[in-house]
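Accompanying notes for the structure given below.
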Amino acid sequence: LPPRHMDSVVRIVEALESTDHDFTGTVPELARALGGCSTPGCRAVLGEPPNVPPAPRTLSREQWLLFTQLLHQDAAAPERGVVLAPDGSTVALGPLLAGIEVGLKRAAGWPFPTVEPPIDALYAVTITEVLGTSFLLARDGAGNRTTLGPDGCWDDVDDPQNYTLLGPPSPIPDAVANGAMDGVLLGAHLAQAPVPLADLLRGYYGTGNGTEKERPPSSYRRQDFGVLTGPGKLEEEVAAMLRVLRVLPPTQELLEDVGPEEVVAIARQAAQDFTEVYVECPAIVPRCMWGARPYRGTPKPLTLPLGSVYIHHTFIPSAPCRTFTACAEDMRAMQRFHQDTRGWDDIGYSFVVGSDGYLYQGRGWHWVGAHTKGYNSKGYGVSYVGDFSATLPDPDAIALVRDRLLPCAVRTGRLHRNYTLRGHRQMGRTDCPGNSLFHEIETWHGFK
């Protein structure tokens, strides 16, 4: 089959939108016919799915098979309906295309069915039904049941075919969260200005030409979703969705012993947790996605929360990396240098900051690194890719650590509230993290 990559999806959409297509309706309606949005809430908003049409002649047999597999929803294996985007993130197609369908229908003035209480159709088909249901199912689990996450990894980022979750699945693994946020953003955009779907997807994800030149809009999804959707809006819509599910025959039983106050409490918790995990905290690319070698030896655990953060620059590579491909390559080069030349067990840094909008996991939150001699067990080492002796990282890359990673680490109990922030040069004989970056971090909260 074609790679499970957003490029493959764009080609399928382009073929379906071509003038000689032989099916009626839109691509999102076809996706719904194949099972892409078949939950009770989705049916209440968009109606019963259309019948599955014969395979369109504009698609090859392999393309039709791939599209069918990607849209066949399996609650026990949500990772099967996902594709890899050029920015290195993984996206579930079901909520993405459902949000797009609502946007197109709004632009065309389609009369959505009236449901009580009123719900925002765009949020209902993308995030609020699955989010409310996930927290509803977890309420009796005494915290043992996963409600959000995890992330996952592809077998081969050049020819992605199989995606494996990194932990126990929830109804909202990271790929579903990404697809839901993208569905809201693109649906809202289409409601204002309809454009051909292939053009929309190509522009948003940066597929095909131009992928290596600049950050695609998809790498800003967390910020953009946060701007569009305040926590109050998300909480309100989850609560409304749960009240709707209470009267729908397939889900009545699930909510029969849940009182009005508990609905409000579930919605508040769901909105708070989703906002913290997917809006306020930054996305971190796991080791298996950038192609890390195994750790040599036995890693030593950190005792959390830590009290310090040490800021570095890589110096070599000297140029910032601006794409997933380039940053992943730089990570592998740094790990080779640290293991083979320095003789360390692994890449030394806890986290590495790309200029592509993403953080890359080095030793991560839980293991002692090799970044600041004498202080490795006392703090996290966070390094910017590039030489910042004379220039600064991009404003986005600065904000990624200052405004998102550090507050997230405090909120999640990994870093003391009164942590100390220092440049590498303050802890040893080095120019790191470069004069420009050092003068920048002197203005950050916690700098000593």
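The values are calculated or read from the model by the stated rules, or taken from the named source; none is laboratory data. All values reported here derive from a predicted model rather than from experimental measurement. Positions of Cβ are generated from backbone atoms using ideal geometry, with glycine treated the same way; all protein chains shown enter the neighbour counts. The protein model used for the area step is the full one, side chains on, heavy atoms only, and it has no ligands, DNA or RNA in it. Shrake-Rupley method; radii C 1.70, N 1.55, O 1.52, S 1.80 Å.
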Just to check your reading of the model, which residue among R322, R363, R332 is in contact (Cβ under 8 Å) with a residue 40 or more places away in the chain and assigned to a helix (DSSP H, G or I)? R332
The correct count of residues that are open to solvent by less than 40 Å² (accessible area, probe 1.4 Å) and in a helix (DSSP H, G or I) in segment 408-422 is 3
Please go through segment 104-138 and give me each residue that is on the phi < 0 side of the Ramachandran plot and not in a helix (DSSP H, G or I), ordered by number. A108, W110, P111, F112, P113, T114, V115, E116, P117, P118, I119, D120
Segment 51-69, residues that are crowded, with 17+ Cβ neighbours inside 10 Å and not in a helix (DSSP H, G or I): P56, T58, L59
Among the residues of segment 316-361 satisfying the criterion of being open to solvent by 30 Å² or more (accessible area, probe 1.4 Å) and among the β-branched types (V, I, T), which is farthest from R402 (Cα to Cα)? T341
With the condition kept exactly as written, say whether any residue in segment 307-315 is more than 20 Å from M427 (Cα to Cα) and open to solvent by 30 Å² or more (accessible area, probe 1.4 Å). no
In the list A121, A31, A107, A55, which residue meets the criterion of being closer than 27 Å to E276 by Cβ and of a type outside the set (S, T, N, Q)? A121
Which residue out of E48, E29, E101, E79 is at pLDDT 95 or above and outside any strand (DSSP E or B)? E101
Among the numbered conditions (1) open to solvent by less than 30 Å² (accessible area, probe 1.4 Å); (2) part of a helix (DSSP H, G or I), tell me where G386 comes up short. (2)
Is segment 222-233 home to any residue that is under 30 Å from I441 (Cβ atoms), under 25 Å from the mean Cα position of the chain (by Cα), open to solvent by less than 20 Å² (accessible area, probe 1.4 Å) and modelled with pLDDT of 95 or more? yes
When T90 is run through (1) buried (at least 24 other Cβ atoms within 10 Å of the Cβ); (2) out of contact with any Asp or Glu (no Cβ under 8 Å at 6 or more places or on another chain), the failure sits at (2)
Output yes when any residue across segment 423-437 is farther than 24 Å from P320 by Cβ, open to solvent by less than 50 Å² (accessible area, probe 1.4 Å) and among the hydroxyl-bearing types (S, T, Y), and no when none is. no
For segment 174-204, which residues satisfy the criterion of being in contact with a Pro (Cβ under 7 Å, 6 or more places away or on another chain) and either of a type in the set (V, I, T) or closer than 19 Å to R106 by Cα (or both)? V176, A180, G183
Any hit, segment 310-322, residues being over 19 Å from L392 (Cβ atoms) and modelled with pLDDT of 95 or more: no
Do we have any residue at all in segment 279-291 that's assigned to a loop (DSSP other than H, G, I, E, B), without any contact (Cβ under 8 Å) to a residue 12 or more places away in the chain and farther than 30 Å from A138 by Cα? no
Name the one entry in P173, P168, P250 that is touching a residue at least 40 places away in the same chain (Cβ under 8 Å), more than 16 Å from the chain's Cα centre (by Cα) and either open to solvent by 30 Å² or more (accessible area, probe 1.4 Å) or closer than 21 Å to A76 by Cα (or both). P250
Could you please let me know if N178 is modelled with pLDDT under 95, open to solvent by 10 Å² or more (accessible area, probe 1.4 Å) and polar (S, T, N, Q)? no
Consider only pairs whose beta carbons are under 7 Å apart and that are at least six residues apart or on different chains; among these, list those whose first residue lies in segment 219-241 and is within 17 Å of D174 (Cβ to Cβ) and of a type in the set (F, W, Y) and whose second residue is in a helix (DSSP H, G or I) and open to solvent by less than 30 Å² (accessible area, probe 1.4 Å). F225/M181; F225/V184; F225/L185; F225/V279
Taking the criterion of being touching an Asp or Glu at 6+ places or on another chain (Cβ under 7 Å), open to solvent by less than 10 Å² (accessible area, probe 1.4 Å) and among the small types (G, A, S), would at least one residue in segment 397-405 satisfy it? no
